[in-house]
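What follows is a set of notes on a single structure, which appears directly below.
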């Protein structure tokens, strides 16, 4: 936080005079204007020069972040990246943004930065030079004007993060939740269609699935099997003499031959 008291510039030529005066009477220096900057070096190097340019820099950074996330998400989605892993990344991203929004308050800032004892947090501007002080030396939240400036700074940053979150939600809806590829993915297989239908039939008749009929239809669509083909296969399955679930029996036999899982150490 950069603090300014315009009367100091008229009264003191340097920080030596200022410190001598205030240390002798034990008073707290009052700031008239408060400015929040992400990096004091940006201000010293004139990358930013005031609150407006700092806010523009923050907004530009948010836009750059959005462009990168949008581009990377599209690249991963088009490249058939594991959709579940990408979903996990977005879930973590939502958590980070929500936490940042929740923590974007003056009280949280005070707790994290602790300017009561830490230097390098509060800076006083005098004769175009900066010097750091603690909160016990430099008053920053005594007046309503100071509190309003503080609230404006944090509200701006909170709104920028909320904007970022809203765009991330839109990207999630576009590429993950409501993907542009509305067709059900198709899979190739070497077994017969009747075998696939047998599995679908087992799903449909199962009481373990909610909406088992819909699950079965989705399963058939994945293997590009029409309702007519499914109906014919059902008749063949019912007409089997020795077993009504030949393919599922084969799977059961293969599963039985699998080695037992290794015990964790």
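The values are calculated or read from the model by the stated rules, or taken from the named source; none is laboratory data. Values in this document were obtained by computation on a predicted structure and should not be read as measured data. Heads up, the Cβs are rebuilt from the backbone with ideal geometry, glycines too, and the neighbour counts pull from every protein chain shown.
Just a few scattered comments:
- With respect to being at pLDDT 90 or above, within 16 Å of residue 133 (Cα to Cα) and surrounded by 16 or more Cβ atoms within 10 Å (Cβ to Cβ), residue 12 falls outside the description.
- Failed item, numbered, when residue 92 is tested on (1) modelled with pLDDT under 95; (2) under 15 Å from the mean Cα position of the chain (by Cα); (3) surrounded by 12 or more Cβ atoms within 10 Å (Cβ to Cβ): (3)
- Residue within the stretch 43-51 that is in contact (Cβ under 8 Å) with a residue 24 or more places away in the chain, closer than 14 Å to residue 175 by Cβ and assigned by TED's automatic domain parsing to the domain that holds residue 170 present: no
To keep it simple, each residue is scored yes or no on (1) surrounded by fewer than 17 Cβ atoms within 10 Å (Cβ to Cβ); (2) free of Cβ contacts under 8 Å to residues at least 60 places away in the same chain; (3) over 32 Å from the mean Cα position of the chain (by Cα); (4) under 29 Å from residue 88 (Cα atoms).
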| position | (1), (2), (3), (4) |
| --- | --- |
| 129 | yes, no, yes, no |
| 135 | no, yes, yes, no |
| 138 | no, no, yes, no |
| 144 | yes, yes, yes, no |
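- Selection count where residues are surrounded by 12 or more Cβ atoms within 10 Å (Cβ to Cβ) and assigned to a helix (DSSP H, G or I), scope the stretch 15-43: 9
- Of the residues making up the stretch 85-107, not a single one is touching a strand residue (DSSP E or B) at 6+ places or on another chain (Cβ under 6 Å), in contact (Cβ under 8 Å) with a residue 24 or more places away in the chain and not in a helix (DSSP H, G or I).
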